[in-house]
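Please read the structure below before turning to the comments.
The values are calculated or read from the model by the stated rules, or taken from the named source; none is laboratory data. Just so it is clear, the model here is predicted, and its values are computed rather than measured. Here the Cβ positions follow ideal geometry from the backbone for every residue, glycine too, while neighbour counts run over all protein chains shown. In case anyone asks, the SASA skips ligands and DNA or RNA and just uses the protein heavy atoms, side chains included. Shrake-Rupley method; radii C 1.70, N 1.55, O 1.52, S 1.80 Å.
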Amino acid sequence: MMKYILAIAALLFFSCGNKEDVLLPKADRTIVKEVVDLSPIYIFFRVKDRDTLAEVNRNNSISTTNWILNIDKRLPLRLVIPEVIKLQAKKSGDGAHKNIAAQNYYSYADSIGKNLAFLPFTMIHYKMEKPLKGIVVFFSKDGKIKVNNELVSKNELQNVINNFNDGLQKIRYCFDKNSSYGSYIQNKIFIRTIELKNVISEECVY
C-alpha cells in the first residue's frame with residue numbers, strides 16, 4: 001500500500017504553494033523500479049482557447065543527475081516529443097557540467113505492482129518525420145499496428161518481422177503524432193517484450 005501511495009504522490013507538483021496534477025500513464029509491469037540521484041521534470045497538460053498545450057517545468061533539473069520526465073498521459077505526442085527533443089539537446093550540450101553516466105527516464109505507474117516505475121530512453125533519437133527506408137513498425141492512434149503498411153496484430157508482430165526481415169534492413173518504431181503520450185508509453189513497454197534484431201535507436205513520430 002505504501003508503494004501505491006508513493007506512486008500517487010508522484011502525480012503531484014508543488015509550485016508557489018499550489019498543488020498541480022500530472023496524470024501519469026499506467027502499465028502492467030515495471031521496467032526500472034528505482035532511480036537515485038535524480039531531477040524531476042514535469043510536462044503539464046494545459047488548455048487555452050480550446051488549444052491543448054504542453055507546459056514544461058524543469059526548474060529543479062540538474063544536468064549531471066538522472067532526469068525523470070513526469071509527463072501528463074493526456075498530451076498528444078505531437079506536443080510531447082518536440083519538448084523531449086529540446087530537453088535532450090539541453091542536457092547533452094551542457095559542456096563542462098555533462099555527466100555521461102546520467103540517464104533519462106519516463107515515469108509511469110505500475111497498476112499491477114502498485115508502484116512508481118521508470119522507462120529509460122537515454123539512447124533514443126527522435127525524428128518528427130516518416131522514415132524513407134528500412135522496416136517501419138507503426139503504432140496508430142486507434143491502437144493498430146502496421147509493418148510497412150501491412151496490418152498485423154500484437155501476437156503476430158514478432159513472426160511477421162522475422163519473416164519480413166532479410167537481416168540487413170533496419171527496423172524503426174514509429175508512432176502516430178496524434179496518439180496520446182499514455183498510449184505511447186504502453187506501446188513502448190510492449191515493444192520491450194519483443195526480441196528483434198536490427199532495431200535502431202531512432203523513433204519517428206509523424
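With protein chains left intact and a 1.4 Å probe, residues in the stretch 102-206 average 52 Å² of accessible area per residue. Computed from the Cα positions only, the extents of the chain along the three principal axes stand at 56, 41, 39 Å, in decreasing order. Over the chain, DSSP H runs of length four or greater, each weighted -39,500 (n - 2.57), average out per residue to a 222 nm ellipticity of -7000 deg cm²/dmol. Residues considered: 185, 100, 194. Largest GNM mean-square fluctuation over the chain, using C-alpha springs under 10 Å, is found at 100.
What separates the Cα centres of the stretch 153-206 and the stretch 28-95 is a distance of 22 Å. Here the accessible area of the stretch 17-57 is 42 percent carbon and sulfur, with a 1.4 angstrom probe and all protein chains present.
If you wrap the tightest convex hull around every Cα atom of the stretch 162-206 and split its volume per residue, you get 83 Å³. The share of C-alpha pairs in the stretch 116-206 whose separation exceeds 17 Å stands at 47 percent. Exposed loop sites here are GluC sites (Glu not before Pro) assigned a DSSP state other than H, G, I, E or B and surrounded by at most 16 other beta carbons within 10 Å; excluding them, the longest clear run of the chain is 35-128. Pairs of alpha carbons in the stretch 21-86 separated by more than 19 Å make up 39% of all such pairs.
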